[in-house]
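Bear in mind that the values in this text are calculations on the coordinates, not laboratory data. Note that the structure is predicted; figures quoted are calculated from it, not measured. Every residue, glycine as well, gets a Cβ built from its backbone with ideal geometry; the counts of neighbours run over all protein chains shown.
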Amino acid sequence: MSAELTIVERSFEFAVRVVRLCRFLDDQDRSTRTLASQLLRSGTSIGANIEEAQAGQSKADFIAKMSISRKEARETLYWLRLLKAADIVEANKLDDITREADELVRILTSIVKTSQLGRSASGTNAKV
């Protein structure tokens, strides 16, 4: 993915990729469909929470929504690793989407940390 895309755009494009992967997984056995359902929920939730954060009512609300996005990205990374480790999907077919999930985690971690620093510097020390 291009580094020039915003986190909103990247998370949306990532969600599209997750949906496409889950369509493929839905044609498999029951346990694979269950994993696909988990992946679909977490992988699409990343962008949904980022969108909500853009309209946050406060800095604390923004941080909370971005933190949820980060958690969902980490969960998505878990499901992708599990699909690979269980030999459900060939590792090389998941490498790119797994790398993107990891990059989303890193970006969201940076956004949350930067936002928290800005918030504490302004005199608000509440933890998120």
Inset, instruction - Write down Rg/Rh for the stretch 5-128, rounded to two decimals, with Rg from the C-alpha atoms and Rh from the Kirkwood relation over Cα pairs. - result: 1.05
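Placing +1 at every Lys and Arg Cβ and -1 at every Asp and Glu Cβ, with all other atoms neutral, what dipole size does the stretch 7-120 have around its Cα centre, in debye to the nearest 20? Numbers along the way, then the final one.
Values: 19 positive and 17 negative charges, 78 e Å.
Here the size comes out at about 380 debye.
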Legend entry - Distance between the stretch 41-89 and the stretch 104-119 - C-alpha centres, whole angstrom: 14
Inset, instruction - May I have the count of lysine pairs in the chain with C-alpha atoms under 30 Å apart, counting pairs 8 or more residues apart or located on different chains? - result: 12
Inset, instruction - Let me have the relative contact order for the stretch 7-120, percent, based on Cα pairs under 8 Å that are six or more residues apart. - result: 27
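At 0.36 nm per residue, and after removing the present C-alpha to C-alpha distance, how many nm does the segment from Arg33 to Thr114 gain when stretched out fully? Show your work: numbers first, answer last.
Numbers: separation 81, 0.36 × 81 = 29.16 nm, distance 3.75 nm.
Length gained between Arg33 and Thr114: 25.4 nm.
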